[in-house]
Amino acid sequence: MWSKTRVFALGWIFVFFLFQNTLNLIFPPNFKFLLVGVVFYSLIEGAFFGAVLGAAAGLFVDFFGPSVPGPHSLILGLAGAVSGFTASKIFKDSFFNRWILPSLMGFFVDLGGGLSLTADGLRLLGFAVFTVLISPPLFFFLERVSGVKKSRHRSW
């Protein structure tokens with residue numbers, strides 16, 4: 001039930017939560033390390049684990065952040081479920097999953113968090129571009145440290 005990859009997933013999500021919150025205190029952009037971690041492990045383990053991991057990541061944000069419990073758990077849980085479903089039905093390990101999917105999930109997380117397309121459009125675009133830039137190095141890092149099987153091959 002609890003494989004090595006799943007145990008590493010919970011640990012790395014917590015580390016990303018700490019890292020993300022530290023950087024968000026120093027720099028103004030909203031870093032999406034948690035979201036990229038949830039998307040990565042959702043692609044590896046599937047929709048159900050992605051939803052559970054996203055909800056756990058959201059609980060970190062909800063309980064250790066200034067917001068009320070619930071919204072981040074729901075939004076990140078949905079992002080994990082959709083990412084896992086995408087891997088099982090459409091793509092497995094592709095350019096889309098490494099570059100575009102984390103950015104799309106970030107876009108929907110920001111919309112679910114209360115940002116609007118009309119008032120915050122430029123800000124949303126900046127978050128999306130930054131997420132596209134950080135997701136491939138984070139995917140590479142997580143592949144190396146998480147114990148993901150080497151049998152996974154990239155399809156471009």
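The values are calculated or read from the model by the stated rules, or taken from the named source; none is laboratory data. Values in this document were obtained by computation on a predicted structure and should not be read as measured data. Don't worry about glycine lacking a Cβ; one is built from the backbone with ideal geometry, like all the others, and counts go over all protein chains shown.
Does segment 4-15 include one or more residues that are hydroxyl-bearing (Ser, Thr, Tyr), surrounded by fewer than 15 Cβ atoms within 10 Å (Cβ to Cβ) and more than 24 Å from LEU124 (Cβ to Cβ)?
no
For PHE63, only one of the following conditions fails: (1) modelled with pLDDT under 75; (2) closer than 23 Å to PHE27 by Cα. What is its number?
(1)
Regarding segment 24-40, can at least one residue be identified that is farther than 16 Å from PRO102 by Cα and at pLDDT 85 or above?
Looking through segment 24-40, none of the residues is farther than 16 Å from PRO102 by Cα and at pLDDT 85 or above.
Name the residue, out of VAL52, VAL15, VAL61, VAL36, that is more than 24 Å from VAL129 (Cα to Cα) and not polar (S, T, N, Q).
VAL52
Taking the stated definitions as given, is PHE19 closer than 18 Å to MET105 by Cβ and modelled with pLDDT of 80 or more?
No; evaluated as a whole, the condition is false for this residue.
Inspect all residues belonging to segment 77-87 and state whether any of them is surrounded by fewer than 16 Cβ atoms within 10 Å (Cβ to Cβ) and modelled with pLDDT of 70 or more.
no
Just to verify a result, which residue in segment 22-53, among those that are within 16 Å of SER73 (Cβ to Cβ), out of contact with any Ser or Thr (no Cβ under 9 Å at 6 or more places or on another chain) and not aromatic (Phe, Trp, Tyr), is surrounded by the most Cβ atoms within 10 Å (Cβ to Cβ)?
So the residue we want is GLY37.
Give me the pairs, please: first residue somewhere in segment 1-30 and closer than 14 Å to GLY80 by Cβ, second residue anywhere and surrounded by 11 or more Cβ atoms within 10 Å (Cβ to Cβ) and modelled with pLDDT under 85, beta-carbon distance under 6 Å, and either six or more positions apart or on two chains.
Once the first residue is closer than 14 Å to GLY80 by Cβ and sits in segment 1-30, no partner that is surrounded by 11 or more Cβ atoms within 10 Å (Cβ to Cβ) and modelled with pLDDT under 85 comes close enough.
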